[in-house]
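Everything below concerns the one structure shown next.
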Amino acid sequence: GRRTCLGGDRSIVRLNITVEGQTEEEFVSASLAPYLGQQGVFAKARSVITGTGRSPVNGSGGYQFRGGLRSYRQPQEDIAVWMREDRGQDACFTTMFDLYALPNDWPGWNAPDERPDVYRYVRQLEKAFAGDIADRRFIPYIQVHEFEALLLSEPRSLLAPHPEAKDAVTALEKAVGEAGGPELVNDGSETHPARRIQDLIPRYRKTVSGPAAARGIGINCIREKCPHFNDWLERLIALAQ
């Protein structure tokens, strides 16, 4: 049989993914979960709870607002709740949060000028994150630098939702080449991947265009171009081996 992350002999591995927002939730549903399912890992995602209040639709109480991290406490509490809800031996947990604009109260956080090697820095953050959650079912993942980096693994994918964007695609391909890879495209608040795409393709809508472009690229292509994302996928697939 297959082993879970707790070492039990089971035929199914269930993966609960806490994500930053609606875009990542749709990406997991449309692209990542089907891919992992073929490997024996059955994934579902939900956006982190960032507040409660009255429903904006009908005004009822007890409504949960999801997406948009403002502090580390929000994902910390949300993950803890989900872990209490699902104590199954076949359940594992992971995350998908952007390194860009990560709250500065995150365990292991350093100021931008103290991050000489982004890959080493993100591993440091993930190690501190895992230490704080302190549950062996937990595999932390922080996206370098944000979801749109995955789209930059093949900028031409943006032509499907935005066929008018040929010049933008050329500019994005140039930016990836100059940075040394999709995960390395991030020069600050005006030039991070999402901002670059939005500036070049004004009709780009993160929650619709992003997941659609990712489907066009495919997980294997993203893995080939994004080393940190690939490392995460290898750890997830290994859960079922």
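The values are calculated or read from the model by the stated rules, or taken from the named source; none is laboratory data. Everything numeric in this text was worked out from a predicted model, so none of it was measured. Cβ sites come from the backbone with ideal geometry, for glycine too, and all protein chains shown count toward neighbours. When the accessible area is computed, the model is the full protein with side chains, heavy atoms only, and any ligands, DNA or RNA have been set aside. Shrake-Rupley method; radii C 1.70, N 1.55, O 1.52, S 1.80 Å.
Can you work out the PRE-style zone for Val81? Point 7 Å along Cα to Cβ, and I want the residues of region 118-134 with backbone N under 19 Å.
133-134
Show me the ranking of peptides 173-179, 107-113, 233-239 by mean Cβ neighbours inside 10 Å, starting with the highest. Mind dumping the intermediate values first?
Details: 173-179: 14.9, 107-113: 11.7, 233-239: 17.1.
Per-residue Cβ counts within 10 Å, averaged per peptide and sorted highest first, yield 233-239, 173-179, 107-113.
Looking at the chain, send over the antiparallel percent of its DSSP beta bridges, to the nearest 5.
Details: 6 of 23 bridges.
Percentage antiparallel, nearest 5: 25.
Please give the contour-minus-distance gain from Ala128 to Ala238: 0.36 nm per residue of separation, less the Cα-Cα distance, rounded to one decimal in nm.
37.4 nm
Using only Cα atoms and rounding to the nearest 10 degrees, what angle (0 to 90) does helix 166-179 make with the longest principal axis of the chain?
The answer is roughly 70 degrees.
Which whole-percent values make up P(r) of region 91-228 when all C-alpha to C-alpha distances are grouped in 5 Å steps starting at zero?
Taking every Cα pair in region 91-228, the percentages come to 2, 10, 19, 22, 18, 13, 10, 4, 2, 0.
Once label points are set 7 Å from the Cα along Cα→Cβ at both Thr191 and Ile12, what is their separation, rounded to one decimal in nm?
Output for this residue pair reads 4.9 nm.
Round to a whole number: what % of the accessible area of the chain belongs to carbon and sulfur, probe 1.4 Å? Mind showing how you got there, number by number?
On the way: 5360 of 11440 Å².
Heavy-atom surface of the chain belonging to carbon and sulfur, 1.4 Å probe: 47 percent.
Per residue, how many Å² of accessible area does the chain show with a 1.4 Å probe? Could the numbers behind the result be given before it?
Details: 11440 Å² over 241 residues.
I get 47 Å² per residue for the chain.
Before anything else, pin down the relative contact order of region 82-189: Cα pairs under 8 Å, at least 6 apart, normalised by residue count, whole percent.
Values: 97 pairs, mean separation 29.8, N = 108.
Value for region 82-189: 28 percent.
Regarding the chain, what is the average projected area of its C-alpha convex hull, in nm²? Mind dumping the intermediate values first?
Working: hull surface 54.2 nm².
Mean shadow area of the hull around the Cα atoms is 13.6 nm².
Mind pulling the angle between the C-alpha long axis of helix 118-133 and the longest principal axis of the chain? Nearest 10 degrees, somewhere in 0 to 90.
The helix 118-133 is inclined about 20 degrees to the chain.
Nearest 10 degrees, 0 to 90: what angle lies between the long axis of helix 227-238 and the longest principal axis of the chain (Cα atoms)?
Between helix and principal axis, roughly 30 degrees.
Straight distance only, please: which lysines reach the Cα of Lys166 with their own Cα at less than 28 Å, same-chain residues fewer than 8 apart left out?
Hits, sequence-local ones excluded: Lys174, Lys206, Lys225.
Sorted by packing (mean other beta-carbon atoms within 10 Å per residue), highest first, where do 77-86, 207-216 land?
Most protected by this proxy first, the peptides run 207-216, 77-86.
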